[in-house]
1. If PHE77, PHE138 are ordered by their accessible area, calculated over protein heavy atoms with a 1.4 Å probe, which sequence runs from highest to lowest?
2. Once the piece of chain linking GLU52 and GLN166 is laid out straight, how much longer is it, given 0.36 nm per residue of separation minus the C-alpha distance between them?
3. Rolling a 1.4 Å sphere over the protein heavy atoms, what is the accessible area per residue of the range 84-210, to the nearest Å²?
4. Percent of accessible area on the range 150-195 owned by carbon and sulfur, 1.4 Å probe?
5. For a test of the definition: using alpha carbon positions, the gyration tensor, and the 1.5 limit on a/c, classify the range 128-167 as rounded, prolate or oblate.
6. What pairs in LYS115/LYS191; LYS115/LYS183; LYS153/LYS191; LYS93/LYS153; LYS143/LYS183 have C-alpha atoms more than 31 Å from each other?
7. Given a 1.4 Å probe and the protein chains all in place, what does the accessible area of ASP102 round to, in Å² to the nearest 10?
8. Express the carbon and sulfur contribution to the solvent-accessible surface of the range 80-126 as a percent, rounded to the nearest whole number, probe 1.4 angstrom.
Amino acid sequence: MRIFNKDETKDSKEDAQAGAENSEAQNSGSSAEEAYEALEKPKEASASPEAEKSPEARCQEEKQLLMDKYFRLAADFDNFRKRNARQMEENRKAVLEQVLLDFLEVTDNFDRALKSAKTAEDMSSIVSGIEQLSKQFFSILEKYGIEKIESEKASEFDPHRHEAVQHIETSEVPDNTIVDVYKTGYALNSKVIRPAMVSVARNPDDEVEK
């Protein structure tokens, strides 16, 4: 039979207590590691599908994104084109409306001139009224950029501004010059919209010399 003294009993209790503390520390350490691993695993799991995508799959995704951008741009451009066409049509109608309003003033004056002509006894007053109407009419044309093409007799024939409907053998005017004007020509902002129809001189002396 062994007899334990107080010191040995005390030491054994301290050793047991230290052992328990070490065990708890180890258990707590292992629990912390397990918790950390549990937090890290979802991150790795969430990142893994992206990493696992093949180059073909990534190319398809980029292609789809580019196609979406292309279709949006095409739709935006189509809307812009339609808005621009509507705006141009509205502007055209507004200009046409203003032109017609200006010429309606001339129409009103024509009506007044006709009423006066029916009761007028002096032809000179009728001629004067017609001249005033002509000036008003052409002033409106000039307002919108229309001008007469100069086609005076003996002036040089210009194929870009004149149309020769007849050649006349004459020595009264130089060769290749205008003899008569059958229809006045007009230009819009310096662009010929209707050439003047004229007859052109051809000198018989020049034909003999040739």
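The values are calculated or read from the model by the stated rules, or taken from the named source; none is laboratory data. From a predicted model like this one, the values you see are computed outputs, not experimental measurements. What goes into the accessible areas is simple: the full protein's heavy atoms, side chains included, and nothing from ligands, DNA or RNA. Shrake-Rupley method; radii C 1.70, N 1.55, O 1.52, S 1.80 Å.
1. Values: PHE77 130, PHE138 55 Å².
If we order PHE77, PHE138 from most to least accessible, we get PHE77, PHE138.
2. Numbers: separation 114, 0.36 × 114 = 41.04 nm, distance 8.77 nm.
Result for the pair: 32.3 nm of gain on full extension.
3. Numbers: 9350 Å² over 127 residues.
Per residue, the range 84-210 has an accessible area of 74 Å².
4. Values: 1470 of 3240 Å².
Accessible surface attributable to carbon and sulfur in the range 150-195 totals 45 percent.
5. Details: a/c = 3.38, a/b = 1.93, b/c = 1.75.
Note, shape of the range 128-167 comes out prolate.
6. Pairs exceeding the cut-off: LYS115/LYS191; LYS93/LYS153.
7. Accessible area of ASP102: about 30 Å².
8. Numbers: 2370 of 4100 Å².
Accessible surface attributable to carbon and sulfur in the range 80-126 totals 58 percent.
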